[in-house]
Structure formats: structure tokens, C-alpha cells
1. Counting only protein heavy atoms, what percent of the accessible surface of the chain is carbon or sulfur at a 1.4 Å probe?
2. Please report the equivalent ellipsoid semi-axes of the chain, computed as sqrt(5 x eigenvalue) of the Cα gyration tensor, largest first, in whole Å.
3. With charges set only on the Cβ (+1 for Lys and Arg, -1 for Asp and Glu), what does the dipole of the chain come to about its Cα centre, in debye to the nearest 20?
4. Please work out the ratio of the alpha-carbon Rg of region 2-57 to 2.2 N^0.38 Å and round it to two decimals.
5. So how much slack lies between Gln81 and Asp61, counting 0.36 nm per residue of separation and subtracting their Cα-Cα distance, in nm?
6. With every protein chain kept in place and ligands, DNA and RNA left out, what is the accessible area per residue of the chain? Probe 1.4 Å, answer in Å².
7. Return the long-range amide H neighbours of Thr33 (sequence gap of 5 or more, or a different chain), with a cut-off of under 5 Å between placed amide H atoms.
8. Zone of Lys31 (label point 7 Å along Cα→Cβ, backbone N under 16 Å): which residues in region 63-97?
Amino acid sequence: QVQLGESGGGLVRAGGSLRLSCAASGSILSKNTMAWYRQAPGKQRELVARITSGGSTNYADSVKGRFTISRDNAKNTVYLQMNSLKPEDTAVYYCNADPEFATWGQGTQVTVSS
């Protein structure tokens, strides 16, 4: 069964940085395109960044140039480096495959104050 665990969220001021981590069970990470998603209160979950098994990356326009997704297959971990954070980045952040597995982790809360 797939298990995903996100960590690294917190409260930060606008302009600050955070690094999120996602630990995945087994060898699913190396075989799949992985992605970070976020869901803000009252809004639908959206994909913010993805990375293929070959290392190619894509970003939502809203985070392009500020966020960087990376992966360490040996550690079964995906990262999201978030710089120049804005209040509108406030959300619960999740990792999953793209397309998504049925099972989601608990997410990690990111709150950016103005």
C-alpha cells in the first residue's frame, strides 16, 4: 500500500522560505512522476509542481521562479523548496503521484503572514 508523509511546513513571513519534504513508501517514487499539490481554505486542490522519473519539471504559473521541486530516489523523498513566499501561498501542501494515487498523506500546513 502506498504511504506518503509530508513535513516541513510552518509559519513564515512574506518573502521567507520553507523546504517541504515528502517521504514515500517502497520504490514508488523512482517509478512515477511525483508532484506537490496544495489546497487553500475554500478552494480546490491544485497541482503546483511536478517532476518526472527522468527529472523534468513543470510548475504552475503562480509559483514559477519561486518554487523548486527535486527528488532523491535513494531516499524515496521528494522536496519542494519554496522561496519568496507570498500570503497567497498559504495552504495545506500534499505530495502524490501525477496522476494521483488514491491514498493521500496528511499534508503539511504552510502559512505565510503579510
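The values are calculated or read from the model by the stated rules, or taken from the named source; none is laboratory data. Keep in mind the model is a prediction, meaning the values are calculated, not measured. We place every Cβ from the backbone using ideal geometry, glycine too, and count neighbours over all the protein chains shown. These accessible areas exclude ligands, DNA and RNA; they are computed on the full protein's heavy atoms, side chains included. Shrake-Rupley method; radii C 1.70, N 1.55, O 1.52, S 1.80 Å.
1. On the chain, the fraction of accessible area on carbon and sulfur atoms equals 45 percent.
2. On the way: eigenvalues 98, 41, 31 Å².
Value: 22, 14, 13 Å, ordered largest first.
3. On the way: 12 positive and 8 negative charges, 36 e Å.
With Lys and Arg at +1 and Asp and Glu at -1, about 180 debye.
4. Compared with the compact-globule rule of thumb, region 2-57 sits at 1.30.
5. On the way: separation 20, 0.36 × 20 = 7.20 nm, distance 1.57 nm.
Full extension of this stretch gives 5.6 nm more.
6. Values: 5810 Å² over 114 residues.
Computed with neighbouring chains in place, this is 51 Å² per residue.
7. Ser53, Asp98
8. Taking a point 7 Å out along Cα→Cβ of Lys31, the residues of region 63-97 whose backbone N falls under 16 Å are 73-74, 76-77, 97.
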